[in-house]
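A quick write-up on the structure given underneath.
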Amino acid sequence: MDLEDPEISRSIQDRVRLNEIHRVCGEVAVSRALGDVDFKGWTSSSEREPPCFAYPEGHPRRFSGDLLTAEPEIQEASLGNAHAFVVLATDGLWDVLDGEEAVRVVSNLLKDGKAPQECCAELVARALRLGSGDNVTALVVEFAAAD
């Protein structure tokens with residue numbers, strides 16, 4: 001955390017919290033389901049040698065199916081004129097920023113005439129200053145106002 005940053009320093013009490021990151025076999029965050037072949041193709045009839053996971057005591061060291069799937073979670077939402085942008089980001093950003101803060105940051109920057117790329121740069125920089133220890137990527141899509 002960048003405690004020299006006055007905004008971060010002022011709000012440190014609101015930010016310090018237990019952050020549990022759930023991982024498959026202690027190895028990979030579930031947001032990485034599109035890759036990581038080591039976590040796919042494990043059935044009881046699999047001829048493959050199981051990987052060297054940190055199995056809990058008593059675990060049979062066999063799996064009945066894939067540990068990860070690439071099936072997307074899909075949500076639909078109707079957008080109106082009140083929706084100016086959307087922020088898509090990796091868990092490295094969401095580990096240290098909540099949605100309300102991300103919206104506030106982007107809203108203020110767009111009102112100041114900043115481009116979406118500049119908003120992304122600020123979100124990533126802020127996440128790093130807040131101590132994110134994960135990969136941080138952000139995408140801001142600004143919607144054009146309907147005429």
Legend entry - Looking only at the stretch 96-128, and only at residues there that are open to solvent by 30 Å² or more (accessible area, probe 1.4 Å) and not in a helix (DSSP H, G or I), the one that is nearest to Glu7 (Cα to Cα): Asp98
Inset, instruction - May I ask you to say which residue of Gly92, Gly133 is modelled with pLDDT of 85 or more and either open to solvent by less than 90 Å² (accessible area, probe 1.4 Å) or part of a helix (DSSP H, G or I) (or both)? - result: Gly92
Inset, instruction - Select from the stretch 136-147 the residues that are in a loop (DSSP other than H, G, I, E, B) and touching a strand residue (DSSP E or B) at 6+ places or on another chain (Cβ under 7 Å) and write down the one among them that is farthest from Ala84 (Cα to Cα). - result: Thr137
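The values are calculated or read from the model by the stated rules, or taken from the named source; none is laboratory data. As the structure is a computational prediction, the values presented were derived from the model and not from experiment. Ideal geometry is used to build each Cβ from the backbone, glycine not excepted, and the neighbour counts take in all protein chains shown. These area figures cover heavy atoms from the full protein model, side chains too; ligands, DNA and RNA do not enter into them. Shrake-Rupley method; radii C 1.70, N 1.55, O 1.52, S 1.80 Å.
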